[in-house]
Amino acid sequence: MTTIRQHVTRAFDRIAEAQPDAIQTGAIQQPAPVSGGGPSDPTGGTVGPSPDPIPVRMTVFEMGADRINGTSILAGDLQVIVEAGPVEFSARDLVICDRGTLTIAKLGRMASGGETALYDMICRGGRS
């Protein structure tokens, strides 16, 4: 039985084959782990080494003017659709793509039966 995640992977494959510049390989950079910290530790803890960026396929779109509302979606925001990776991503992660390094303003996740198939993100930053 084919899963939704497998369908998404095939769709990314077909788009990449038909329009190679539509799909890019970027990366997700997860934050460095912090040990210690807490209410009784004034140092805030010790930051460990940053994990390696996780390579993922993605497509990046500029937001249409009709979607910009000035609060949750701002002028210059980008919509980034990311194929699921080997770990779950969070809004604390950074997106590294051809537009630069982006922060995730809103993280949407498409999942069926608990398995993430893709992420639909609103991102900020990078170059204009």
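Every number in this text was worked out from the coordinates using simple rules, so none of it is lab data. Quick caveat: nothing in here was measured; it's all calculated off a predicted structure. When we count neighbours, we look across all protein chains shown, and the Cβ atoms used for this are built from the backbone with ideal geometry, even at glycine.
Observations, loosely collected:
- Spin-label proximity, R10 to the range 86-115 - amide N less than 17 Å from point 7 Å beyond Cα toward beta carbon: 112
- Per-residue 3J(HN,Hα) values for the range 21-34, derived from phi via the Karplus relation 6.51 cos²θ - 1.76 cosθ + 1.60 with θ = phi - 60°, read 7, 7, 10, 10, 9, x, 8, 10, 9, 7, x, 5, x, 10 Hz in sequence order (x marks Gly and Pro).
- The label point for A65 and the one for K106, both projected 7 Å from the Cα toward the Cβ, are 2.0 nm apart.
- In degrees, nearest ten, helix 4-18 long axis to first principal axis of the chain (Cα): 60
- Modelled label reach - Q29, point 7 Å along Cα→Cβ, the range 71-105 residues with backbone N closer than 11 Å: 94-97, 100-103
- Ranking S90, C123, G113 by Cα position along the charge dipole of the range 63-128, where only Lys, Arg, Asp and Glu carry charges on their C-beta atoms, puts C123 farthest toward the positive end.
- Of all the options I54, I15, I96, the one that moves most in a Gaussian network model of the chain with Cα springs shorter than 10 angstrom is I15.
- Note on the range 70-122: with charges restricted to the Cβ of Lys and Arg (+1) and Asp and Glu (-1), its dipole about the Cα centre is near 160 debye.
- Its DSSP H runs of at least 4 residues, each contributing -39,500 (n - 2.57), put the calculated 222 nm mean residue ellipticity of the chain at -4000 deg cm²/dmol, to the nearest 500.
- Dipole magnitude for the chain: computed about the Cα centre from +1 point charges on Lys and Arg Cβ and -1 point charges on Asp and Glu Cβ, it is near 140 debye.
- One equal scatterer on each Cα of the chain, no solvent, Debye formula: the resulting log10 I(q)/I(0) at q = 0.14, 0.16 Å⁻¹ is -0.70, -0.87.
- Alpha-carbon centroid distance for the pair the range 68-128 / the range 1-63, whole angstrom: 9
- Relative contact order (percent, whole number), the range 19-128, Cα cutoff 8 Å, 6+ residue spacing: 25
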